[in-house]
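**Q** Quick one: the structure is below, questions incoming.
Just so you know, all these numbers are worked out from the coordinates, no wet-lab data involved. Because the structure is predicted, anything quoted here is derived from the model rather than measured. So basically every Cβ, Gly included, is an ideal-geometry build from the backbone, and we count neighbours across all protein chains shown.
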Amino acid sequence: MTLKYIDVVDRTLSYGDQLLVEEAIRRGVAIEILADGDFKMSHPSKSYIIHDGIVTHSYNTELARITMDMKEVTSRLLKSNGFNAPENTVFPKTDIDRAWKWAEPILPVVLKPYDGKMGELVFVNIDTYDEFKSCFEKIAAENDEVLVEKFLEGKEFRFTFVNGEIVGIVNRVPANVVGDGEHTIKELIELKNAERKRIANPIHKFLEMNEETERVLKKHGYTYESVPAKETIVNLRDNSNISTGGDAIDVTAEISVDTIEYIRQAMLSIPGVKAAGVDVLINGDDVSIIEVNLDPMITLHHFPWVGEEIDVAGKVIDGMFPETVK
């Protein structure tokens, strides 16, 4: 479940925005339908005009939204404030040769759409020209600009920042299967999909067997007919987005206080950020912020694959309408 038409706002909303609107209504926040798909959320002391159905965009300032939409600007801003972020730059879709010349000295790299979301067309750990060219062209076929970024090692986490605090953390694990020494990768995918169907977690997707799956398997020395050894983790994607089959594992209680404070201070250093999803790579003592999204996927915390639910929707509404806090 990702999109649904909601009568009270007279438009389609993502699952996360559904949770936010429902929580606001439960607290007595009034909803007024406006023109062009917009709506207004108001309580006696606060009101917000919601554009494009994205509630958190109206909670964050316009300056913050403009800045965070430009991924390379976000990285430069964070670095100028003393926080770790990867080296990156943006190239027109017609400028593959110059992009490769920039990337070659710092291989491996990541390629993704300049303003992409949900992990679509994100290619990670690219280290050869043929692979770079193929991935660049796939992005260029659907986008005017391509972001090229130095690849950093580490486990990926989503820190969700709301109203000055880190309110939840998940480890985002790439789409994967775990070997048992008996089944092929194709069979393991079918078994995990059967588990997905049985559990019916609303945000965790079925694993796909497509061109990108084959590319990643081949890169790591596998085919669908390979039988991985027991406990061997086989990634089907190099990116860790839940929208491409990854797993969200709640680790809020496991991350060090120092790391949480580091990410919190990074977000406080950017004017106007009130609610954000912060993608963080942790490799030992090295902590790097690779992306900031002001339309955070709060459902990661409501529906983790492993771990307890955290009511992030409630925390967002706490910040937007503090007088409704119970």
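**Q** For the pair HIS183/GLU195, report the inter-label distance in nm, with labels modelled 7 Å from Cα in the Cβ direction.
**A** Result: 0.8 nm between the two label points.
**Q** Placing unit charges on C-beta atoms (Lys and Arg positive, Asp and Glu negative, everything else neutral), compute the dipole magnitude of the chain about its Cα centre in debye, rounded to 20.
**A** 360
**Q** Straight-line reach from LYS133: which lysines fall under 25 Å, measuring Cα to Cα and dropping same-chain residues less than 8 apart?
**A** Within the straight-line cut-off, LYS133 pairs with LYS71, LYS93, LYS101, LYS112, LYS117, LYS150, LYS218, LYS219.
**Q** Report the label-to-label distance for LYS155 and MET70 in nanometres (one decimal), using points 7 Å from each Cα along the Cα→Cβ vector.
**A** 3.5
**Q** Return an integer: the convex hull volume of the alpha-carbon atoms of the stretch 85-154, in Å³ per residue.
**A** Dividing the Cα hull volume of the stretch 85-154 by its residues yields 82 Å³.
**Q** What shape does the stretch 138-190 take by its C-alpha gyration tensor, where a ≥ b ≥ c are the square roots of the eigenvalues and a/c under 1.5 counts as rounded, a/b above b/c as prolate, and the rest as oblate?
**A** oblate
**Q** Less than 23 Å apart at the alpha-carbon level, and either on another chain or at least 8 residues along: which lysines does that give for LYS40?
**A** Once the sequence-local lysines are set aside, what remains near LYS40 is LYS4, LYS274, LYS315, LYS326.
**Q** Taking LYS230 as the anchor, which aspartates and glutamates have their alpha carbon closer than 13 Å to its alpha carbon, excluding any fewer than eight residues away along the same chain?
**A** Correct list for LYS230: ASP180, GLU182.
**Q** Which order do peptides 12-22, 135-145 fall in by mean Cβ count within 10 Å, highest first?
**A** Going by the mean number of other Cβ atoms within 10 Å, highest first, we get 12-22, 135-145.
**Q** Step through the residues of the stretch 147-160 one at a time and calculate ³J(HN,Hα) from phi using the Karplus curve (6.51 cos²θ - 1.76 cosθ + 1.60, θ = phi - 60°), rounding each to whole Hz and writing x for Gly and Pro.
**A** 8, 10, 9, 4, 6, 10, 6, x, 7, 9, 10, 10, 9, 9
**Q** Now for a different question. Ignoring solvent entirely, what values of log10 I(q)/I(0) come out of the Debye formula for the stretch 177-236 at 0.19, 0.25, 0.28, 0.30 Å⁻¹ when each Cα is a single scatterer?
**A** The calculated log intensity ratios at q = 0.19, 0.25, 0.28, 0.30 Å⁻¹ are -0.67, -1.04, -1.19, -1.26.
**Q** Compute a Gaussian network model of the chain, connecting alpha carbons closer than 10 Å, and tell me which residue from ASN60, ASN193, ASN163 fluctuates the most.
**A** ASN193
**Q** Below 8 Å, C-alpha to C-alpha, sequence gap of six or more: please give me the relative contact order for the stretch 38-167 in percent.
**A** Averaging sequence separation for qualifying contacts and normalising by length gives 22 percent for the stretch 38-167.
**Q** Checking the a/c ratio against 1.5 first, then a/b against b/c, what shape does the Cα gyration tensor give for the stretch 3-60?
**A** Because its axes are fairly even, with a/c under 1.5, the stretch 3-60 counts as rounded.
**Q** Counting each pair of different Cα atoms once, what's the Kirkwood radius of the stretch 259-301 in Å, rounded to one decimal?
**A** When all Cα pairs of the stretch 259-301 are included, the Kirkwood radius is 11.2 Å.
**Q** Efficiency by 1/(1 + (r/R0)^6): what FRET value for LYS101 and GLU142, r their Cβ-Cβ distance, R0 = 25 Å, to the nearest 0.05?
**A** The value I calculate is 0.60.
**Q** Given labels modelled 7 Å from the Cα in the Cβ direction, how far is it in nm from ASN81 to SER243?
**A** Placing both labels 7 Å beyond Cα along the Cβ direction yields 2.4 nm.
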